[in-house]
Amino acid sequence: MNPASQLNICVIGLGKMGVMHCAMSSALPQTQLCAVVDRDAKLGKQLRSMGADAPYFNSVEAMLNSVKRVDAAILATPQFTHRALGEQCLAAGLHVLTEKPLAHTLADAEAMAAAAAKHADRITAIGFMKGHYPLWIEAARRLKDGWIGEPESFKASVNLSQVFKPMKGWTFTKDQAGGGVLINTGIHLVHLLTMLFGPDAHVISAEGGPVHSAVEDRITAIMQFPNGGPHGTYSANWSVEGFPTEATRVDIEGDAGRMSITDDWLRHSDGTALHRSEFDRAAFNASPDYGGEGWYNQLEDFAQAIIQDGRTARYDWQYGLAVQRIVDAMYRKLEG
Amino acid sequence: MNRMIPLPKKILSGTSLTHPAPNNTAGDSVSARLERAIERGAGGLMTLNNAEIQQALREMKEKHPEFTVLPVIPNVPEFVREATEYGMAGAGIRRLLRVGFMGAVRLGIFGVFKAPAVLLQRDFPTILSVLFELEMNEFRKFNPPAVFLQNQMADLLLALNNRRAFAMFAEQARDRYGAEPGVLTVNFVRMAEKLKEWDVKIRLICAPFNRDQFLMPDIGDVTGDESYAPILESGKFQLIADRISIHSPTPDDALEWALNSGAASSAIVSC
Ligand SMILES: NC(=O)c1ccc[n+]([C@@H]2O[C@H](COP(=O)([O-])OP(=O)(O)OC[C@H]3O[C@@H](n4cnc5c(N)ncnc54)[C@H](O)[C@@H]3O)[C@@H](O)[C@H]2O)c1
């Protein structure tokens, strides 16, 4: 694609996710990296030495003052900064893709959704990259088309071997992250459940808490989706052995059959087994075992929404708020 | 010149040793699984640095002196876990601290006096080269004929167009260890084209190659496997077929297919 017609993307926050977004913005034909921002100047230097070819700034203001054309921002800072930075970018006329969760608190998430509604001409998106896996999209489509009849119950889990001792860093603090395994990792699974069953859910009960760190390392909840939707259990645990990479699984019982979904396989109780290879077609994959296809498709979806008039991103900030409401309800049950 | 680098045809994946397929957990220790894989014809192991695997390799070294060990560097999953707490440079410095100052001197980490400062300066190819030295130290006793850059790292550096990191990696593998440099990638075509464009001498590419075209995306109207053909015909690259089946453990017919295809010199299998 000719550079003049590519979208100019700036990435804000150059930690682990920021680096990934810089790589994706460089790999996708519709986009180019035009600027990078982080409070820590050393990270700007590090990113340049990783190959990124874009000017560095230590604040969003400095970037906006210097870079002539910026179309969109990707926000890859910790969630306690999302609201201020997100609102600043929208006010400056940028489209914004924010990493998940929308914010560390429900109040901030609500304010962000309101800001997005006020700037309705800007595209907002949230980084639920698992929702861009073609296999999960196919599962949701089949479920809706009655593959197993009416869904009656489900069992959903996500497991990861990550936390086995007290941990340092903002990710493991209630103040800055908003919680532990649920808001940092398990939120993807909450999002997948909303893809399957709809954006509202009633949380009946929740149980869990810290094991090693100061935030919850495991949580189990019982949920009910309204309007005749299914009920089921949700569990997230990042302190369990045997899962070097995140393992997600949803089993659904319908009145005409059962289905199970993982990141690799979609199975039906009649013996049908579909592997992700039938659907994965991204032109560039950064890491298939860590959400590779999702990162690319997510950015492509965001770019297409900007380029094509009248389209929204597949998961915008309003959607991000709906998911955050469920997460918040789980926390309230856990605390209550 | 189309020079073939001699490697075993059937190479076991290290990840499948520590995390075998749920339907194939017979042989409860890593050593037992490794022994079983060798009995079934695996001539080598491609692995990240992992304490259990290192232990199993040490135990079987005398019994199977011809067994080939192919290190994959760096151990990105472990590094990312540490980086969540300490940041990337911090994670590198912690590794260095773990071997200690004298350990680093013994390893001959070039510029050991400067290594922490260099890490703090955040020059990424240098961070990578320090990780390379630290991890290769664990592998050197097995005289690996080749060493591979881990796939997420390689693909990230590929997306960011980082010629220097690949060039430094290749040079370090050859000059410091007499090993042939290789890369793991899930973006075979783009990787090969870039290495050629950059004139970085890395012949070995370990990439997805399977009948299902899994992780072999079409390029325009050209199907995944068709897009591999001209690159391999150029004779500049040697393909090690990875992810040869969507099933685990790897079925025999998938291995036969990959090795009989004429495209790959070796294939990675899982147990
Ligand atoms: N989608 C996923 O699977 C996934 C995985 C991990 C993290 N995340 C999310 O991505 C976001 C970033 O996570 P991370 O692990 O990359 O964090 P990180 O701590 O590695 O990096 C965050 C960076 O943001 C910078 N920063 C903080 N405040 C800033 C400000 N006001 N202006 C500019 N820079 C600022 C910090 O200096 C740091 O370099 C979080 O919201 C996290 O929840 C998503």
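Observations on the model:
- Within the protein assembly as shown, percent of DSSP bridges classed antiparallel, to nearest 5: 40 percent
- Spatially proximal aspartates and glutamates relative to A:LYS118 (Cα-Cα < 20 Å; intrachain offsets below 8 disregarded): A:ASP71, A:GLU87, A:ASP108, A:GLU110, A:ASP309, A:ASP316
- Rounded to the nearest 10 square angstrom, A:SER66 shows an accessible area of 70 square angstrom against a 1.4 Å probe.
- Rg followed by Dmax, in Å, when the stretch A:241-293 is reduced to its Cα trace: 13.3, 39
- Per-residue mean of C-beta atoms belonging to partner chains within 10 Å, peptide A:49-58: 5
- Ellipsoid semi-axes for the protein assembly as shown, based on the Cα gyration tensor and the rule √(5λ), read 37, 30, 25 Å when sorted largest first.
- With 23 Å as the limit, the listed pairs A:LYS42/A:LYS168; A:LYS16/A:LYS168; B:LYS9/B:LYS194; A:LYS100/B:LYS194; A:LYS16/A:LYS155; A:LYS16/A:LYS68 have B:LYS9/B:LYS194; A:LYS100/B:LYS194; A:LYS16/A:LYS155; A:LYS16/A:LYS68 beyond it between alpha carbons.
- Here the extension length gained between A:ASP200 and A:ASN58 equals 47.2 nm, from 0.36 nm per residue of separation less the Cα-Cα distance.
- Shielding by partners, peptide B:159-170 (average Cβ within 10 angstrom, other chains): 4
- Look at the stretch A:283-296: the mean tally of other chain Cβ atoms within 10 Å of its residues' Cβ atoms is 5.
- Gyration tensor verdict on the stretch A:105-194 (Cα atoms; rounded if a/c is under 1.5, prolate if a/b is larger than b/c, oblate otherwise): oblate
The values are calculated or read from the model by the stated rules, or taken from the named source; none is laboratory data. Since we're looking at a predicted model, the values are computed, not measured. Here Cβ is always computed from backbone atoms with ideal geometry, including for glycine, and neighbour counts include all displayed protein chains. For the accessible areas, the whole protein counts, side chains as well, though only heavy atoms, and no ligand, DNA or RNA atoms are used. Shrake-Rupley method; radii C 1.70, N 1.55, O 1.52, S 1.80 Å.
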